[in-house]
Structure formats: C-alpha cells, structure tokens
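**Q** What follows is a structure written as structure tokens; I'll ask about it next.
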Amino acid sequence: MAKDSLIKEVVIPDIGDFDSVEVIEVLVDAGDTIAAEDSLISVESDKATMEIPAPEAGVVKEVKVSVGDQVSQGSLILLLEPSGDVPAEAAPVTQESTPAPVASKPAAPAPQPVAQPPHHRPSPTAKIDEVSFARAYASPSVRKFARELGVDLGRVAGSGRKGRVIKDDVKAFVKQALTQGTGGGGLAVAPMPDIDFSQWGEIESQKLSKINKLTGKFLHRNWVTIPHVTQFDQADITELDALRKTMAAEYKDKGIKITMLAFLIKAVVAGLRELPRFNASLDACGENLILKHYFNIGIAVDTPDGLVVPVVRDADSKSLVDIAAELGEISQKARDKKLKPSDMQGGCMTISSLGGIGGTQFTPIVNAPEVAILGVSRHKMTPVWNGETFEPRLMLPLSLSYDHRVVDGADGARFTRFMGRVLADANGLVK
C-alpha cells in the first residue's frame, strides 16, 4: 500500500450547539509526533474555550488551520500519518493508562537535607501561587506545560488573543528566569502579596490592556537585565523653535504639522553617525556588538490603551518635512490601533518626548535590543550667561539612558553635547 494512502484527515468533532468557533491557538506543527488525546488546537466561542484532542497517535504531516480561522463540525484540522497505536477511544483501560487520581499526601517526617552537586541549582520558577495560577487565562495544555516546568502562570504575561498565555510565553518566562537565576547575578524578587484592598474602602478593578501587559513585561525585562545609566543635559533651541514656528505656518495649509520631534529625529541620526556605538545591539550571547548601517528611529506614542513605539525607517534619507508628515501618519495609525507588528520593529534608537505634557527630567528605560533612548522634557525660557550678561534662551532638557555594557559615561556625555550643538544649528537640520 502506498504511504500516502495511510494519511488520515483529522476534522473538528461535534462541538455542541455552536455553528462555528474561532481558532485561538494552534498547538502542533508539521513534523510533530503526537499521542492520542494530545491537544491539537484551541477554539473559542462567545461562551467557552475548548481544546480539540487527537483521535490517535501519529505524525502531523500538514496543519490546515491558522489562528483566527472560523471552523465548525467537519472542518479539516490537519493531515495525520498514524503510528499504528491503538486510537484513544478504543484503547483498553489499564492500570498504566489510567490517570492517577489527585490526592493529598499524608504528612511525612521532614527529610534530612541532602547536599546537592555543585553544578545543580534549584529552579528559579519552582514556586507556584495556586490562586494566581488558577486565575491565569490559559488553556489546559498550557497549564499542564507550566506545571511540568514549575511556572506560576499568574506571573506570565500573555501575548495570545485577549492576553491569553500561550506556550511561547511560558518558555520565554523560563528562559528569563534561568538567565537571571544563574551565575550568581540574578535578582531574587519576592512575589507581590495578594491583598484585599476593599478592607480599607471602596475600590474598582480595571483589567490591563494587552498593550499594557506586553509593555510591562518588556520594560521589566529591560530594567532588570540592562545596567542603565542616564545622562542629563540641555540644548539651546532658541533659533530652532523660531524656525519651527515659521515652517509650521508655511506647511499648515498642506496638512503637515511641523513638530520639534521631527528636528529631534534628524539630530539623533546625526548623533548615530557621529558615535556609531549608539547605533548597535548586543547579540543574544552578549559577547558581540552588532553595528548597524541603517537609521531607523523609534517614536514612543501614548495611546488610550498604552505605550507603543512605531519606527520611522531610513530617517537619514528623508527630509525634515517628509519626516514630519510621516510622524502625523504613524501617530494616527497608533491611536487607531492600525499599527502592524512590522511597523514597530527594526529600530536603532528610540525618542520618548514628554515635552507636550511637562516635567523637567526623567529616566527613560532602554528599548532593547537598542542600547540607548533619548528622553525629552518641556523646554523652558532660562537666563543664560553669554560672557557679558544674562540673556533669555529657550532650553530643552535631554535625558539619555544607555546600556552601560556598550556605552561608557564619556560617550554618553559626548552624545548629549553633540545633540546640543546640532540642535543649536537650526538651518543644518532642514534638509
């Protein structure tokens, strides 16, 4: 018999009263060897979430569904080459195949400490808070996977649909925990206490948006794994702001808003050319520096759902007016939730501008794998000594945070000083 004739189609079984459901997670890939009853996909209706199990063991030849697909009874899930094992529904019930009941163990005397080999370290993920674990939004297969690894799902930020925790999130959490917990340099952080705040008064609970959760996850990783240093400085933008106002009036009728951010992008590109070490990233092992010969600048945009960082690509080849126009477009896309993942990738350095809100200085967190981020606060008219007298000058506060593994303090100061010189030369930025 030809091998192709052994290939079987696995379809959606009877799923009850639902006409169709959405695929929210694909749990297998082509080439995977699966056992009977292994979960293949997760589907979700407006009332429930369920996993579709494998009817028998075998090798997945081809997956026919993707996340977001609408499926119903009889829809093709995948092609399976059976292994010859007995299908789950026909398997005899034996002592070996019957799941062991969950039961509490009788109290036992405390075991005597056993010396561990020098190379052994206890898992940094091995403590589970059952309450937070139960509250986590995850499928049964992911819960099982997390328990096998000793991961508390309540501490894992979900990147799946509606913040759902998927297997890749658990893997990333373990990788981060192991990285921080080895070599003697990890941070042993005690879990946050679960507090009933209503005991002191009226409260209201609001769910974090998916953007909030993802941003918090990445910022926490960046803060605890990158040795941050922040260099504070000021730039004289008196002439630059006068030029900006003139250009703003000129381009207003054309629907282009000339903002200070466009000038800052041009200045940052000049800074990356002057000090190429800022236009770099460490490789995954942290032993090599990847120097970039392109200039993509990330812009932190505040939206109702949280912070996003779209990227202005090839900023070195665009005029100031072109950059200003693009900034208006990507900012609107961000607020309309129309940014694609590719719109927020490939940045060389990020600018976080709070000048429109206020403040004098702050310490922005590096947006890894970038090695630096420029923070900008509200400009202020300040008396500056010119050698003979004080004169009013418009000064812009700069806050440059950088990865001290890549950039030393001297270069940090050189970068902000260079930025000051570039921003003081207004006409040099209009190209």
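**Q** Within the range 221-276, which trypsin sites (Lys or Arg not before Pro) sit in a loop by DSSP and count at most 16 neighbouring Cβ atoms inside 10 Å?
**A** Sites meeting the loop and neighbour criteria: LYS257.
**Q** Taking R0 as 22 Å, what's the FRET efficiency between ARG277 and PHE418 from their Cβ-Cβ distance, rounded to 0.05?
**A** E(calc), rounded to 0.05, equals 0.95.
**Q** What net charge do the residues around ILE290 carry, taking every other residue with its C-beta under 14 Å from that of ILE290, with Lys and Arg at +1 and Asp and Glu at -1?
**A** Residues close to ILE290 contribute a combined charge of -1.
**Q** Give the average over all directions of the projected area of the C-alpha convex hull of the range 3-84, one decimal, in nm².
**A** For the Cα atoms of the range 3-84, the hull's average projected area reads 5.0 nm².
**Q** Within the range 300-316, find all residues whose amide N lies under 15 Å from a label point positioned 7 Å from the Cα of ILE211 along Cα-to-beta-carbon.
**A** 300-311
**Q** Still on this model: Between GLU250 and GLN345, with labels modelled 7 Å along Cα→Cβ, what's the label distance in nm to one decimal, could you check?
**A** Taking the two extended label points, one gets 3.8 nm.
**Q** Quick check on the range 237-357: of the DSSP beta bridges with both residues there, what percent are antiparallel, nearest 5%?
**A** 75
**Q** Follow-up. The range 198-250: which GluC sites (Glu not before Pro) are DSSP loop and have at most 11 other beta-carbon atoms within 10 angstrom?
**A** Filter output for the range 198-250: GLU202, GLU204.
**Q** Label-point separation (nm) for ILE203 and ASP322, each offset 7 Å from Cα along Cα-to-Cβ?
**A** Output for this residue pair reads 5.3 nm.
**Q** Okay, moving on. Rounded, prolate or oblate: which fits the range 229-429, taking a ≥ b ≥ c as square roots of the Cα gyration tensor eigenvalues, rounded meaning a/c under 1.5, else prolate when a/b beats b/c?
**A** oblate
**Q** Which of the chymotrypsin sites (Phe, Trp or Tyr not before Pro) across the range 265-318 are loop residues per DSSP, with 16 or fewer other Cβ within 10 Å?
**A** TYR294
**Q** Turning to a different aspect of this structure: Can you give the charge dipole size of the range 3-84 about its Cα centre, rounded to the nearest 20 debye, using +1 on the beta carbon of Lys and Arg and -1 on the beta carbon of Asp and Glu?
**A** Its charge dipole is roughly 280 debye.
**Q** While we're on this one: Quickly work out the LYS338-to-GLN73 label distance, labels modelled 7 Å from Cα along the C-beta direction, and quote it in nm with one decimal.
**A** For GLN73 paired with LYS338, the spin-label model returns 4.2 nm.
**Q** What percentages make up the Cα-Cα pair-distance distribution of the range 179-335 when the bins are 10 Å wide from 0?
**A** Taking every Cα pair in the range 179-335, the percentages come to 8, 24, 30, 21, 12, 5, 0.
Values quoted throughout were computed directly from the atomic coordinates according to the rules given, and no laboratory measurement underlies them. Not measured: the values here are computed from a predicted model. Using ideal geometry, Cβ is built from the backbone for each residue, glycine included, and neighbour counts are taken over all protein chains shown.
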